[in-house]
Every structure is written in C-alpha cells, then in structure tokens.
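The values are calculated or read from the model by the stated rules, or taken from the named source; none is laboratory data. The model shown is predicted, which means the values in this text are computed figures rather than measured ones. Cβ sites come from the backbone with ideal geometry, for glycine too, and all protein chains shown count toward neighbours. We work out accessible area using only protein heavy atoms, side chains counted, and drop any ligands, DNA or RNA first. Shrake-Rupley method; radii C 1.70, N 1.55, O 1.52, S 1.80 Å.
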Amino acid sequence: MIEMRQRSFGESVKDAADWAARLIGNRTLIDAAVDQIRDEAKRLQLLKVPAGVSDLEYRALQDEARRAHWYTGPSEMDRNWPALRSQMLSGSFTAGAVDSIDAASTKVVGQLADPGIRALSKKGLVVGHVQSGKTANYAAVLAKAADSGYRLFIVLAGVHNALRSQTQARLDRDVIGDRTSQWYRLTDVDHDFGVVSDGAGLLSARELRNLIVIKKNAARLKRLRDWLKDIPEGVRERCPAVIIDDEADQASPNTKAARDELSAINDLTREIFDLLKSGVYVGYTATPFANVFIDPTVADDLFPENFIIDLPRPDGYFGAEEVFGRGSVGEDGDDLGGHDMVRRIPETDAASCRPPSKKEDREAFHPDVPSSLRSAVLWFVLSIAIRRSRGQSNRHSSMLVHTSQYVAPHFSMAAKLEELLHELRLTDPGQLQTELAEIWDSESLRVPSSDFGIEHAGFGELVGHIDSVLEGIRVVVDNGQSMDRLDYTTGETQSVIAVGGSTLSRGLTLEGLVVSYFLRTSRTYDTLLQMGRWFGFRGGYQDLPRIWVTDEMREQFRFLATIEEELRQDIRRFEIEGVTPRQLGMRIRQHPLLAVTAASKMHNVGKVAVSYGGVRLQTFRFDLDNQDRLLANVDAGRDLISAIAGDGATPDTVEGSGRWVYRDVPIDRIFTFLQSYEADPSQAPLRRELVLEYLSGRTDDRAALWNVAIIGSSKAEHNYAGGIYRPGTSSLGLPHEVTNVVRSRLTSGTGVANIKALMSTRDRVVDLGLEPSELKDKDDSDLQALRRTNMDGRGLLLLYPIAKDSVPLRSSTNREALGSTHDVLGVGIVFPEAAGPAEQMVEEHVYVGLPPDLFEQVEEADDEELERLRTDNEASSNVDASVRLGELGK
C-alpha cells in the first residue's frame, strides 16, 4: 500500500527543480528560475497578509505589484478585443484610428491592477478630449480587460438617463456584440440597475463577464452597493472588477468641505469600490480639474493616486486648440492661431436672445432672432447643401442653439427659429440664392476646403439642394420637459436645429454638428469646456463647422486651450519621470474671471504666488477686430508722454536711432498708463489686474522711479520682395514724429494678429546707452546682469508704434501683412529687480499635493534624485508656496 499525503508548494518546487537539473545538467540556471518562482509566490501570498509579515513589508509588496507591468498587449487567445477591432474596421473607423485606439487602450490596461492578484486595487484617471471618442477607448479597455481575466465591469454613465441609455447601447453593440453566452448584462437600454438575484453565482463563474451600466444616482448606487454586500467577501475578492467612471469630474468628487462629511455619489462610489476588493477604479474625463483637486491624503477617496494617462489627440480631431488657438506653453515658444471658424455675437444680439435671470421676467420673455443668429441658420442651410453635393446625403447634420440653461426660453426660441425657417421657405428663390452665394463665397475663402484635402465647390454645385434642405430641417427642443427629444436612431437621416441647455452641455453627442450658436456662460473651466459640443471629428466636412460666440467667450476658450495643454504636459512629464500623482500633485493656472472648478470641489487646493521681479514681458497679440481698444491704447501712450513732459522731463536720444528715453519717471505715471493700456486678454501674464496688484505692492526705492523708452525705426524705407515699403510715422507727443517699427503677423486668418515677438533682446538695456560692440555675444541673462549692475534693477517701460500695414520684410511662407485699420501701440515691460525676501507676490496657480516648485526639481533631477522625490515627497498636506514667475517659465 502506498502512503499518500498532500505535498507543500515548497516540496513540489524542490522536486521539480531536482528533476529539471538532472534533465538539462545546469543546476545554477534551475536554481535561478526557482528563486524567481518562489519570489512570485511570496509576492502573491503576501498580498493576503500572512502571519509574520509586517505592515511595512506588505505595503512595499503592494506598491511593487501596482507598478509591475503585467499586460503587454492582446494575445492570440483573446476573444473580445479581436471582435471589437473587426467591428470598428468594418464601421466608420479608419485603420489608423483603430491602431491608435489599440495602442492607447493597451497603455491603460497596462496600468490596471493585475487581475491575477487578489486584494490588489488601484485608482487612476484617463484624460481624453471633449467629444473625442473616449467611449471607444474605454470600450477597448473593457474588451481587453475581459480577455485578461477581469470579470465584473461597472460603468458609471453620467447623471442623465439619456446618456446612460446611449452608453449602454454602445457597449452592448461594441463590447458584447454577438458573444451573449460569454456576457451577462445586469442592465439594459431601458432599465437601470434594479433587483438581481444570485450575485454570488454570477461573480463565481470564471468564464462569465458581467456588465453593469448605471446612472450616477444615489438610489441606483445604493441598490448596487447593497447587492454587493449580500455577496460573500471571498467571492467578491476572487472576482477582479473594473469601475469606469465616465465624466468622472461630474458628481463623483466630494463636494463637502468637512473631512467627516461626504456627498452622496462620492460616498456610495467609495463604498462600492471598497466592497470589490480586487480591481481598479478608472475615471474618464476631458476636464480633470475637480479630480486632481481631490485630497490625496484621504486614502479611500477617489484621487487618481496610481496613474494619470493623457490620451493622444486623435487624427482629425477638432478641439479648443484647433478652433480657438492657444498661447505658448513650456518650451514650444509659439502661439497657435486656430482655424478661422469663430464668428462674433455682438453684445446687442446677445442681449436680444438671452433671457433675464428673474423667473417672473423670464416667463414673459420673447427672444428675437438677431442678424448673427440668422447668419448662423443660413450657414447651416449651406453646410447641409454642400455635404449633400459631396455625397453625404445619408449623414446627419445638426445645429446647436444654446442661449440659456433655463428651460422655458428654449421653447420660445424654438418657435422663433420655426418662424425664420418658414420665412426662408417663402422667400423669393433668386433673392435667397443671391444672399446665400455671397455668404458661401466669403466663408469658403476664410476656411478653404483645400486646407483639409477637400476639393473646392462653387455655389452652383450646391444651389440645387437648397429647397430640399430647407424643407427637411426641423427644430427640436432637448431639455427635461420636452417630449420630442433628439433621437438619431430612427433610421432616417436628420437635419436638426437643437435648442437646449444642460442635456446638450455634457456627454450627449450631437451627430454631424456643423453650426453652434452659443451664449450660455459659465464661470468654471470644466463646465465651459464641456459645453463645447462643437469639438470632435468632422470627417469629410472639416472646413464647414462654424461657432458663433461672444468676444469674452472666445478669449476664455483660447485661455482654456492653453491651460489644457499645460496640464497635459505635466501629465506626460509624470509618465516620463515615473512619478505618480500622489507623489507630486498637480498645478493649474488661474484666470481673472473664471474659477478652475466649482468652489465645493476646491477645498483641498493651495495657491501659488508669483513675482514679476526682473521679468521681461511684451505684447505680441493684437485683436484687429477691436480697433477701439487699439486706438485707446495709442491714446494712453500719448497721455503718458504728455504727463512726463508736463513734469519737466526731456528725452535723451541718439541722432538717427529712432529711439527716445525718459529717465526717472515716477511709478505713479507708469501705474496710470497701465490702468489705461489693455493688452490682449489671451496674454495671461500681462493681465492688467495682476500687474497693477504687483506694482501697488512695490514700495521699495528700486521700484519708485522708472525709465520710459519709445522705440521707433531708424529707417523710413525698407526694401522687401514687393519693392519699397514705407511704414509711416506716429505722433506720440515727442518733439518729432516717430517712424513706426515693422512687425508683420503670423499667417492665421483670424482677427487676432500674432507678431510672435515685439522686443529684441537688446531692448532690455536700451536705457543704458551702450554701444553695439558692448552688447556683442551677450544673451538675456548677461543683459539682465548689466541692468542690475548699472541701473540697480530699475524698471523700464517701452512703447513701440507699429505700422498698421507692416509687411514681411524677408521672404516667408508663414507671415503676412499686419492688416490693421490704424497703427498699433505695442508695449514691453522690464520689471524692477525683486525686492528681496519680502518681494511682492500675486496669485497665479492653484495646486493640490506638493508646492509646484517641485515640478522644477523633477525636471532637473538625476535618477538618484528622482528616487528620493518618489520616496520622500508623498503628497501629504497643502502649504502656500512662493515661486518666481520666471521659474514657472511664464
């Protein structure tokens, strides 16, 4: 009789090693392999906290497991991702787009917790782009995670029923498809999470994948929590789960200020994630401001402590940067102009269709259809016609009219639009065609189709579609009270003008959105960006989108495009340096009129103060559509010189140099000038209120007196490719006329001209009276030192009269004439050197985690220093930080 007993893991490994060593004759190699097997087994066992293991060891092994690269990409045995990939390729996705989704989703899955390790959890954030197809990314993530061993998938799909149903339908089609025997749906298009029996059985079935698409609603989430509680902990622990929080910045962050108080959705989401034991919480959003401001020191909150991933900008995507342009960021040095797709809503037009805030006044309000809205509707008619002439008759076309968040005015605005369409249908065809032809000729020049590889069409090619287009357009109100909602699933091609509010502001996709007329304002970054439904893909009609907004909103979107790129650069830097969000925290620049996110989501932020001491700034963007502002700036310059002359000062000048310098000008004169001079709002460091706040706090002797220089040209004529150019002169109140300097603009087609640079490097020391030979080979830091030595760091204000029709003096493919109606006054400022430790500071950034001066440490650190930062600088508490503006690279 043979005695049998259960053998230990160690005994089994030893016997296998002895056998393998005899087989291949290399004991050293086998011992090394055995050591690796034992280390892995120890790691897996330690995650269950066996007796004798300290908390420190346990945490270290958990951190190691979280950092481990367990997923390298799809395998031949996968079922879900290959099916989804095939479906994408057979649908509207190009092969390049599918490859991009494949690579990006593999990157995300690689950051998930290893599903083979029990009790291992991670929290992260994926930052997409507004209307960029992030659902396609997380559908691919779900498919790959399902292939890799994850078994429970919970998608928190926004706060509206329409968005939840839309998401459910998309995942049913894309992720589950015809593999219904492998998947069990606990929700469907018509039914949110309700009563589900045998939860333990569902989560125990190793080959079954379970999908829940649930609205962020307290009652629904309580049902899910209670259902999970009824399942034994051991079953939950053995079932790796993925929570996808779509629009993670909405409702999920805690909005209660006190640490012991939690908002309902945040509390329930935390509870659900805690009950799951094994798996990952991944937030998806295009506006992550509220998420990165979650307190990183609260262990069970939803701060993305383990990873943040920036999804690449997809090919063909139109975002804020492409539409509105952005300022320079980091070391790229250049402003981006954006396409000329933005049209202006004058304030008088805005007032005529924006309802009052008082309810009693609002109910009696009847909006007008101002000329700008009529132009928008006519362009919508043209855009549908041109799409049909391009063979896109079976594609939806939409126009968004968003004038208010209030519900009642939507219906009255829709009625006005119906009246306009009726009027257009009755208009004499010849008269209407003449008007439309003029619009088409103008618009097709401003945004040439050839820029996108699309053949230009004349008006004659689309005129035959006008009547049928007008007949087919319908107006739909989409809000909480409307019965006739947007529905693109009827099987019919739709041309629709959608009038609405919050339901159109986030998540819900308007198919074929071509025209937007947008008046609703917001005072937070995230809400404003999410309201930009015009972002997204416009395949085959990239030249047609137009957006009507106010001047203020145009400037705000441009500012936000700059903020967005700054944040993404920081995220990419985290990835390159191997630093987690918990170790370093995040920083975000502030706007003078906008909050980063709702105040209830910013309880945990600190503020960064910046100094202008010694900094050189210059105006290089000029809004040529606002000639009143440009003329007022010239007047401010004349008033300054007149006031200085009235003080008895006379300027120094070098004969023929075109330059004049006034010395010892009291700071009060500078302050008064800067109160009147208005730089373009997109140049954030030159924001008037910040500069004035800084100067008002400088009471030291170094800031008391300034020098003022007027920089003209020494040449009255210039040779250029077009012949002889004469820039003309300006009268600024000096003893003589000043010859204008020449500053052509970068080619952009927009009303805001970017000249890229106003000052030359040597202008920083124009008041030192140095010869050109003394400045040879000197860089900016050398000149700053010269100024400090010879002028005791005194401030310098420079005025540049710029010729209104400045031409490119050298052959250039990316520059054009300035094209202003009037001459322009540019300004350069060299601020007085810092006053020392008590230097005046002004707030510029907000941050969570560690003070942003650590960003600079990470950039400069070697490997040893980076390791110290990782281990020593766990984000623990917020303290005010003071850093130099120059150190922030702004």
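The figures follow:
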read-out: Matching residues in the range 144-163 - criterion: being farther than 13 Å from residue 210 by Cβ, in a loop (DSSP other than H, G, I, E, B) and either polar (S, T, N, Q) or open to solvent by less than 20 Å² (accessible area, probe 1.4 Å) (or both); value: 148, 158
read-out: Some residue of the range 703-710 being at pLDDT 95 or above, open to solvent by 60 Å² or more (accessible area, probe 1.4 Å), of a type outside the set (Lys, Arg) and more than 33 Å from the chain's Cα centre (by Cα); value: no
read-out: Sole residue being under 36 Å from the mean Cα position of the chain (by Cα) and at pLDDT below 75, chosen from 629, 589; value: 589
read-out: Total residues in the range 395-420, condition within 32 Å of the chain's Cα centre (by Cα) and either more than 21 Å from residue 513 (Cα to Cα) or in a loop (DSSP other than H, G, I, E, B) (or both); value: 9
read-out: Criterion: of a type in the set (D, E, K, R), within 24 Å of residue 535 (Cβ to Cβ) and open to solvent by 60 Å² or more (accessible area, probe 1.4 Å) - qualifying residue of 387, 395, 343; value: 395
read-out: Residue among 352, 278 that is touching a helix residue (DSSP H, G or I) at 6+ places or on another chain (Cβ under 8 Å) and farther than 24 Å from residue 530 by Cα; value: 278
read-out: Residues being buried (at least 21 other Cβ atoms within 10 Å of the Cβ) and either among the hydroxyl-bearing types (Ser, Thr, Tyr) or more than 30 Å from residue 530 (Cβ to Cβ) (or both) - total across the range 237-269; value: 4
read-out: Hits in the range 468-481 (condition: crowded, with 17+ Cβ neighbours inside 10 Å and either in contact with an Asp or Glu (Cβ under 7 Å, 6 or more places away or on another chain) or not in a helix (DSSP H, G or I) (or both)); value: 473, 475, 476, 477, 478, 479
read-out: Residue in the range 506-515 that is modelled with pLDDT under 85, outside any strand (DSSP E or B) and either among the β-branched types (Val, Ile, Thr) or surrounded by fewer than 20 Cβ atoms within 10 Å (Cβ to Cβ) (or both) present; value: yes
read-out: Subset of the range 733-758 [part of a loop (DSSP other than H, G, I, E, B) and over 30 Å from residue 323 (Cβ atoms)]; value: 733, 734, 735, 736, 737, 740, 742
read-out: Sole residue being among the charged types (D, E, K, R), closer than 21 Å to residue 342 by Cβ and assigned to a helix (DSSP H, G or I), chosen from 425, 387; value: 387
read-out: Subset of the range 741-762 that is in contact with an Asp or Glu (Cβ under 6 Å, 6 or more places away or on another chain) and within 29 Å of residue 787 (Cα to Cα) - its residue that is surrounded by the most Cβ atoms within 10 Å (Cβ to Cβ); value: 754
read-out: Matching helices (runs of 4 or more DSSP H) fully within the range 647-732 where at least 3 residues are over 23 Å from residue 824 (Cα atoms); value: 688-696, 701-704
read-out: Among the candidates 130, 141, residue that is closer than 27 Å to residue 231 by Cβ and open to solvent by less than 40 Å² (accessible area, probe 1.4 Å); value: 141
read-out: Some residue of the range 257-277 being in contact with a Leu (Cβ under 8 Å, 6 or more places away or on another chain), farther than 22 Å from residue 166 by Cβ and not in a helix (DSSP H, G or I); value: no
read-out: Filtered residues of the range 107-127 (kept if of a type in the set (A, V, I, L, M) and either touching a Pro at 6+ places or on another chain (Cβ under 6 Å) or surrounded by 19 or more Cβ atoms within 10 Å (Cβ to Cβ) (or both)); value: 108, 109, 112, 113, 117, 120, 125, 126, 127
read-out: Members of the range 78-106 that are in contact (Cβ under 8 Å) with a residue 40 or more places away in the chain and either open to solvent by less than 60 Å² (accessible area, probe 1.4 Å) or touching a strand residue (DSSP E or B) at 6+ places or on another chain (Cβ under 6 Å) (or both); value: 78, 80, 81, 83, 84, 88, 96, 97, 100, 104
read-out: Residue tally, condition free of Cβ contacts under 8 Å to residues at least 24 places away in the same chain and either polar (S, T, N, Q) or assigned to a strand (DSSP E or B) (or both), over the range 434-467; value: 3
read-out: Complete set of residues in the range 398-413 that are among the aliphatic types (A, V, I, L, M) and open to solvent by 10 Å² or more (accessible area, probe 1.4 Å); value: 407, 408
read-out: Scan of the range 285-294 for residues that are outside any loop (DSSP other than H, G, I, E, B) and either at pLDDT 95 or above or within 20 Å of residue 256 (Cα to Cα) (or both), ordered by number; value: 289, 290, 291, 292
read-out: Where residue 787 falls short, out of the listed (1) modelled with pLDDT of 85 or more; (2) open to solvent by less than 80 Å² (accessible area, probe 1.4 Å); (3) of a type in the set (D, E, K, R); value: (1)
read-out: Only one of 639, 652, 680, 664 that is under 40 Å from the mean Cα position of the chain (by Cα), among the acidic types (Asp, Glu) and modelled with pLDDT of 85 or more; value: 680
read-out: The range 63-77 - residue that is part of a helix (DSSP H, G or I) and free of Cβ contacts under 8 Å to residues at least 12 places away in the same chain and, of those, most open to solvent (accessible area, probe 1.4 Å); value: 67
read-out: Residue list for the range 711-737, restricted to those being among the aliphatic types (A, V, I, L, M), under 43 Å from the mean Cα position of the chain (by Cα) and surrounded by 13 or more Cβ atoms within 10 Å (Cβ to Cβ); value: 711, 732
read-out: Criterion (open to solvent by 20 Å² or more (accessible area, probe 1.4 Å) and farther than 25 Å from residue 721 by Cβ) met by exactly one of 780, 767; value: 780
read-out: Residue in the range 700-712 that is polar (S, T, N, Q), closer than 25 Å to residue 801 by Cα and in contact (Cβ under 8 Å) with a residue 12 or more places away in the chain present; value: yes
read-out: Qualifying residue in the range 421-442 (condition: closer than 30 Å to residue 160 by Cβ, over 33 Å from the mean Cα position of the chain (by Cα) and at pLDDT 95 or above); value: yes
read-out: Residues of the range 633-677 satisfying the condition of being on the phi > 0 side of the Ramachandran plot and of a type outside the set (Gly, Ala, Ser); value: 664
